[in-house]
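Below is one structure, written out as C-alpha cells, with a few remarks after it.
The values are calculated or read from the model by the stated rules, or taken from the named source; none is laboratory data. Everything quoted here is computed from the prediction, not taken from an experiment. When we count neighbours, we look across all protein chains shown, and the Cβ atoms used for this are built from the backbone with ideal geometry, even at glycine. To get the accessible areas, we keep the full protein, side chains included, count just its heavy atoms, and leave off ligands, DNA and RNA. Shrake-Rupley method; radii C 1.70, N 1.55, O 1.52, S 1.80 Å.
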Amino acid sequence: MARRRGERVTRWLVGGPPGAFLLLFFLLPSLIMIVASFRYPGEFGGLAPLFPAGPGEEGGLTTENYRVFFSDWIYFQIFLKSFGVAAFTTLVCLLMAYPIALLIARSPHQRRDLMVLLVVLPFASNFLVRVYAWMIILGPFDLLFTRSAVILGLVYVHLPFMVLPLYTNLEKHDPVLLDAAQDLGATGWSRFWRVTFPLSLPGIFSGSALVFIPVLGVFAIPEILGGIHDWLVGNMIKEAFLGVRDWPFGSMLSLMLTVCVLAVAGAAAWLAARGLQRA
Amino acid sequence: MTAILEIRNVTRRFGDFAAVNDVSLSVASGEFFTLLGPSGCGKTTLLRMIAGFDDPDAGEILLGGKDLTGTAPERRPIHTVFQSYALFPHMTVAQNVAFPLKMAKRPAEEIDRRVREALELVHLAEKRTSFPHELSGGQKQRVALARGLINRPRLLLLDEPLGALDAKLREEMQIELIAMQRELGITFVFVTHSQPEALALSHRIAVMNAGRIEQMDEPSKIYGFPRNRFVADFIGHCNMLEARVADATPQGLRLEVPGLGAVAAPPADGARAGASGVLAIRPEQVRIAAPDAALDLQNRFGGKVRDFLYVGDVTTYVVDLESGARVEALLANSAPGRAKFFEVGDAVQVAWRHDAGAFLHG
C-alpha cells in the first residue's frame with residue numbers, strides 16, 4: 001500500500017508541473033480565444049467589454065464574425081488555397097526527404113550522426129535570415145513573389161521536420177526482413193513497396209503532420225517570398241490581429257483553422273487505421 | 001542418390017581471416033544435411049553463400065549441376081528460414097506465407113489454396129489472420145517454416161531455426177521438422193551449434209571448425225568414431241586420456257597412458273608404435289562398479305568417486321583414479337537396486353572393453 005502511494009506521489013511530481021504548464025498556457029488560452037471569437041472588437045484594438053457599461057455602448061456576445069466568414073467566398077478560397085499549398089509542400093517534402101532518410105538509415109553507424117547533424121544544421125542560423133537569403137537567390141531568376149517561390153521557401157524550411165521522423169522510423173527496420181524478402185523472390189522494387197514502404201507509414205504520417213500543420217499557420221514566408229498578392233490563412237490571421245486590430249475576427253479565423261486541421265488529421269488517422277486493417 | 005548441391009573448394013576471406021577455408025561437400029537430393037560447429041566456425045558464412053547473400057572468393061557452388069555464381073538470391077530456387085524468423089510484421093500469417101507465391105506471380109486462387117494447405121501442414125489454419133506479434137515463439141517458427149516451404153524450393157536452408165525456443169518446444173519442433181522433411185522430400189541444409197540437435201535430426205553431419213570441415217558422416221559414425229580430438233570433444237561428452245602407442249597390431253593397440261600403465265584400444269588408422277595422441281572414450285562406455293565386483297574387462301582401474309551428477313535417467317560419476325587421472329562414467333538408473341549406487345568418496349573400480357574408445361593422433 002505504502003509503495004503504491006509512493007508511486008502515485010511520484011507520478012504527480014513528474015507529471016504535475018508540465019501538466020499544469022499545458023493547462024495554464026495552452027488549454028486556458030484556447031478557451032479565452034473561443035470566447036473572444038464571439039465578442040466585439042475594442043475601439044482601439046483589443047476587445048470590447050463583455051458587459052457594456054450603458055445602453056449604446058458596444059459589448060456582449062455576437063456571432064457576427066462567423067456570419068462574415070461564412071457569407072464571403074474569399075475566406076473559403078483562402079482556406080482552400082492554404083490547404084492546397086500545405087498539402088503540396090508536404091508532398092514535395094516527403095518526396096525529397098524519403099531518399100535522404102533512407103540514405104542516412106542505410107549508412108554505416110558512425111556516419112549517421114554526422115548526417116543527421118547536417119540535416120538540422122540550418123536551424124543554427126536565424127529563420128528570417130535564411131528566408132531573406134532566398135530573396136537574394138530567387139531575385140535574378142525572376143521567381144520572387146510567385147507561388148513557386150513560396151513553396152520553395154516552405155519546403156526548404158520544413159524539410160528537416162520530414163527527414164527526422166522518417167529517419168527515426170527507417171533506422172529501426174530490421175535489415176533481415178529485406179534479406180528474407182529477397183531470399184523469397186522479391187526484386188528491388190518489390191522489397192521497397194512491400195516491406196520498406198509499408199513499415200515506414202508511421203514515419204510518413206508523423207513527418208507529414210509536422211510539416212502540414214505548421215505550414216498552414218505560416219505568414220512570414222508567404223509575406224517575404226510571395227508578396228502581398230499571395231496571402232494564406234496565416235497572413236490573414238496576422239493581419240487581423242496586428243493590422244486592422246480586430247481581435248475577435250482573428251480569434252474566429254484561428255479557431256476555424258484549428259477545426260479544419262483537426263478534421264483533416266482525424267480523417268487521415270481514420271484512413272490510416274482502415275488501411276492498416278485491410279493490409 | 002544424386003547430388004543436388006555441390007560445394008567445391010569454396011573459400012571466403014574477410015581480410016586475412018578465412019571464414020570458410022577450402023570447403024567441399026555435396027548434399028544428396030532429399031537429404032537432411034547439417035552443418036554443425038561452434039560459433040565463428042564458418043557455417044553461417046557458408047549458408048549465406050549458398051543463399052546468395054555472399055560470394056565465395058574461390059571455388060564454386062552448384063545447384064543441380066549448374067553454377068550459382070552471379071545468380072541473385074531472389075533468382076535462386078533456395079529459401080531460408082532465418083534464426084530470428086524474419087516474419088514481415090505488417091502482414092498477417094496468411095500474407096507472410098503467401099509472399100513467395102506472390103513474388104512468383106502465381107494466380108490468386110492458387111495462392112489461396114496453397115496457403116491454406118501450408119498452414120494446415122504446420123497446424124496454424126486458425127491463425128491465418130493473426131499478425132506475427134500475436135504469435136508465440138513456436139508459432140512464429142511454424143509460419144517461417146511454412147513460408148520457406150510453400151513455393152517448394154529445391155533447397156531449404158535453416159539457420160539455427162530452433163535456437164530461440166525453450167527446451168520442450170524445441171524437442172517438439174525437432175520431431176515435426178523430421179516428419180515434414182520426410183513428407184515433402186525437400187532437401188534441408190540445417191545450421192546449428194547444438195550437437196544433440198544435429199545428431200537427432202540429420203541424415204548426415206559436417207562438423208566444422210575454424211572454416212574447415214573436420215568430419216562429415218552419419219550421426220552415429222560422428223558420435224561413435226570421431227576422427228579427431230576436436231570432433232570427439234565437441235560431440236557429446238568424452239574422456240580424453242593422453243596416450244602413447246606402445247604396440248600396434250591389426251587386432252588392436254596397446255597404449256601407454258601416463259599414470260595408468262597399459263591400456264588396450266581398438267586399431268586406428270596409421271597408428272604406429274611411438275605415436276602420441278589421446279584415447280577418447282565416452283562415459284557410457286566406461287563401467288563403474290564396486291571394488292570387489294568381478295569384471296571381465298581388460299582395462300580395469302581403481303579409484304574414488306569425486307563427484308556425481310544425477311539427471312534422472314542416468315548418473316554421471318566423476319572418478320579420480322589412483323594414478324591421478326580423472327574419468328567420467330555413466331550409470332543408468334534403471335538398473336535394479338538402489339536409487340543411488342555410489343556416494344562421494346566411495347572406492348570404486350572403472351573398466352572398459354579393449355575395443356572401446358578410439359586413439360586419436362595429435
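See the values below:
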{"item": "Region A:207-279-region B:45-61 distance, computed between alpha-carbon centres (Å)", "result": "56"}
{"item": "Under 5 Å, built H, 5+ apart or other chain: amide partners of B:ARG212", "result": "B:ASN21"}
{"item": "Carbon/sulfur fraction of accessible area - region B:237-361, other protein chains in place, 1.4 Å, %", "result": "49"}
{"item": "Most mobile listed residue (B:PRO219, B:PRO89, B:PRO283) in chain B, GNM with C-alpha springs under 10 Å", "result": "B:PRO89"}
{"item": "Between A and B, accessible area buried - total, square angstrom, nearest 100, 1.4 angstrom probe", "result": "1900"}
{"item": "Neighbourhood net charge (13 Å Cβ-Cβ; Lys/Arg +1, Asp/Glu -1) for B:GLU110", "result": "+4"}
{"item": "B:ASN333/A:LYS172 FRET efficiency (R0 60 Å; Cβ-Cβ; nearest 0.05)", "result": "0.70"}
{"item": "From phi via Karplus (6.51, -1.76, 1.60), per-residue ³J(HN,Hα) for region B:129-138 in Hz, x at Gly/Pro", "result": "9, 7, 9, x, 5, 8, 9, 7, x, x"}
{"item": "Listed residues B:TRP352, A:TRP12, A:TRP134 arranged by accessible area, highest first, probe 1.4 Å", "result": "A:TRP12, A:TRP134, B:TRP352"}
{"item": "Of B:LEU297, B:LEU331, B:LEU260, the one that fluctuates the most in a GNM where chain B has Cα springs shorter than 10 Å", "result": "B:LEU297"}
{"item": "Note, ³J(HN,Hα) from phi for region A:173-184, Karplus 6.51, -1.76, 1.60, rounded to Hz, x at Gly and Pro", "result": "5, 6, x, 5, 5, 5, 4, 4, 4, 5, 4, 8"}
{"item": "Proportion of all alpha-carbon pairs of region B:225-303 beyond 18 Å (%)", "result": "46"}
{"item": "Gain in span if fully extended, B:ALA347 to B:GLN174, counting 0.36 nm per residue against the direct Cα distance", "result": "58.1 nm"}
{"item": "Cα Rg over Rh - chain A, Kirkwood", "result": "1.06"}
{"item": "B:LYS304-B:ALA273 FRET efficiency (beta carbon distance; Förster radius 56 Å; 0.05 resolution)", "result": "0.95"}
{"item": "Accessible area in the full protein assembly, largest first, 1.4 Å probe, for B:THR249, B:THR316, A:THR63", "result": "A:THR63, B:THR249, B:THR316"}
{"item": "Rounded accessible area of A:ASP246 (nearest 10 Å², 1.4 Å probe)", "result": "40"}
{"item": "Cut-off under 5 Å, modelled amide H: who pairs with B:LEU157 long-range", "result": "B:HIS79, B:THR80, B:VAL81, B:VAL189"}
{"item": "From phi via Karplus (6.51, -1.76, 1.60), per-residue ³J(HN,Hα) for region B:272-279 in Hz, x at Gly/Pro", "result": "10, 4, x, 5, 10, x, 10, 9"}
{"item": "Listed pairs A:LYS172/B:LYS140; B:LYS43/B:LYS127; B:LYS66/B:LYS127; B:LYS66/B:LYS102; B:LYS127/B:LYS168 exceeding 31 Å between Cα atoms", "result": "B:LYS43/B:LYS127; B:LYS66/B:LYS127"}
{"item": "Highest-fluctuation residue, A:PHE25, A:PHE44, A:PHE192 considered, GNM on chain A with Cα pairs under 10 Å", "result": "A:PHE25"}
